[in-house]
1. Where in region 52-95 does the label zone of A167 land, with the point 7 angstrom along Cα→C-beta and an amide N cut-off under 17 Å?
2. Can you run phi through the Karplus equation (6.51, -1.76, 1.60; θ = phi - 60°) for region 264-281 and list ³J(HN,Hα) in whole Hz, with x for Gly and Pro?
3. So how far apart, in nm, are the two label points at L237 and S85 if each is 7 Å from Cα heading toward Cβ?
4. Over the chain, what percent of the accessible surface lies on carbon and sulfur atoms, probe 1.4 Å?
5. For region 76-87, take each phi angle, set θ = phi - 60°, evaluate the Karplus expression 6.51 cos²θ - 1.76 cosθ + 1.60, and give the result in whole Hz per residue in order, putting x for glycine and proline.
6. Net charge near A51, counting Lys/Arg +1 and Asp/Glu -1 over other residues with Cβ under 15 Å of its Cβ?
7. Sequence-distant or interchain residues sharing an amide H contact under 5 Å with R25, placed H: which?
8. List the residues, sorted by chain then number, that are 5 or more residues from S231 or on another chain and whose placed amide H is less than 5 Å from its amide H.
Amino acid sequence: MTAQYDLTAMPHAPVGRPERLFGVRVTNHAHDGLWHGWMPSGPWLRGPDGAPHSAALAVLIDDTLGIAGARHQPDGRWSVTTELSVDYVAPPPCDGSLITSEGTIVASHARGALVTGSVQDTDAQTLAVMTLRSRYIPLLPELASEAAALQPTVGVVSDGPAAPDAACHDSLLAVLGTSAVADGELVRLRVPGDIRLTNGSGALHGGVALAASQLAASCLLPAGGEMALSSTRITYLRQMDISGGIEFVARVVHGGRSFRVIEVVAYAPGGRTGTVATVAAYATNSH
């Protein structure tokens, strides 16, 4: 995986605020043509029940596949993620070990790209497999100026894993500065207007939206670890301004004892829908 390469000799993708928050780094290696990512693990990867939570992989997943797709965008175009699908195999470690990822282009054309990848722990155990679809849209002048204005806050690394800003927290909810509130049959999770959660254009980072959707869904699973997330399919309808905070509303679509499906809709300020996620979970026992 990533650790076998000379990280200092590789071209690295720019590091923004969410990347610094989680310690995520992504790089390309000419030897295999893949995009490789990595992040350290720790107690900040824990979910609402105190156990390691797969939602903590979201920024790493979105960055690895999104950057791979963006590197094929035509001149004058901007890559935006429209769909991201993740199937989970095992929860991440929380012991300080390194988590790695890789992504590869399946197909690309003038309209967009299809990218696949996986996430592993240090024992080469697969934690997740994923697929991303992106569209290449015209680079509007206002978007270009916004990205340029943010460049001084973005750096490029040439070293290995960095200590994440999240290391001062003991859960993923604390990292995002949020909490979940039950509202009848719904769960509402509000992500605050924190600039650390934004991407290069100043909108909510796609990986943060994925993480928040899964955290909200987890609050509708039985207590005691009887069920675990198995997959998430999220569709990005529009960029979401974080100035007034973003609300993620989860509801159970199917509440079986061995299999559960939860829909999570994110509402940007003004009530416009930003993302729609379908989260599935299976019972962890064999009965």
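The values are calculated or read from the model by the stated rules, or taken from the named source; none is laboratory data. Treat the numbers as computed from the prediction; the structure is a model and nothing was measured. Every residue, glycine among them, receives a Cβ derived from its backbone with ideal geometry; neighbour counts consider all protein chains shown. Heavy atoms of the whole protein, side chains included, go into the accessibility calculation; ligands, DNA and RNA do not. Shrake-Rupley method; radii C 1.70, N 1.55, O 1.52, S 1.80 Å.
1. Only 94-95 pass the distance filter.
2. After applying 6.51 cos²θ - 1.76 cosθ + 1.60, I find 10, 10, 9, 10, 7, x, x, x, 6, 6, x, 9, 10, 10, 10, 10, 10, 9 Hz.
3. Here the answer is 2.1 nm between the modelled labels.
4. After summing per-atom areas, the C and S share lands at 52 percent.
5. In residue order, the calculated couplings are x, 10, 10, 8, 10, 7, 10, 9, 9, 10, 9, 10 Hz.
6. -3
7. W38
8. Y88, A280
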